[in-house]
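The values are calculated or read from the model by the stated rules, or taken from the named source; none is laboratory data. Everything quoted here is computed from the prediction, not taken from an experiment. Quick reminder, even Gly has a Cβ in these numbers, built from the backbone with ideal geometry, and neighbours come from all protein chains shown.
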Ligand SMILES: [Zn+2]
């Protein structure tokens, strides 16, 4: 009998330099809220936000990155830059290859 399980990835954008105390606090918040539920925190990791392949959607403000480019930020929603402005896949103009 196959067990059904899946990962739900949650990303938190932190302003400033790496802050281990804040990261531990976030882990504890998540852990305590999941107590007694069918979910558990199994891992957390941090990585610097680098490069230029990301921005905020011009329409809705969602953080986006072009996932078709090798330097994408996987934690952000997929999107594309048009005329210097970022758009998420939900806000991209109809007909754009990535438009949802
Ligand atoms: Zn959007």
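Here are the numbers for the structure shown:
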item: Any chance residue 97 is more than 14 Å from the chain's Cα centre (by Cα), within 15 Å of the ligand (Cβ to nearest atom) and either assigned by TED's automatic domain parsing to the domain that holds residue 25 or more than 28 Å from residue 27 (Cα to Cα) (or both); result: no
item: Which listed residue is without any contact (Cβ under 8 Å) to a residue 60 or more places away in the chain, surrounded by 13 or more Cβ atoms within 10 Å (Cβ to Cβ) and more than 16 Å from the ligand (Cβ to nearest atom), from 23, 50, 18; result: 23
item: Of all residues making up the range 57-76, the number that are surrounded by 16 or more Cβ atoms within 10 Å (Cβ to Cβ), under 20 Å from residue 12 (Cα atoms) and within 16 Å of the ligand (Cβ to nearest atom); result: 9
item: Search result, residues across the range 8-48 that are at positive phi and over 19 Å from the mean Cα position of the chain (by Cα); result: 36
item: Every pair of residues 6+ apart whose Cβ atoms lie under 6 Å, when the first sits in the range 28-42 and is under 14 Å from residue 5 (Cα atoms) and assigned by TED's automatic domain parsing to the domain that holds residue 9 while the second is at pLDDT 95 or above and surrounded by fewer than 12 Cβ atoms within 10 Å (Cβ to Cβ); result: none
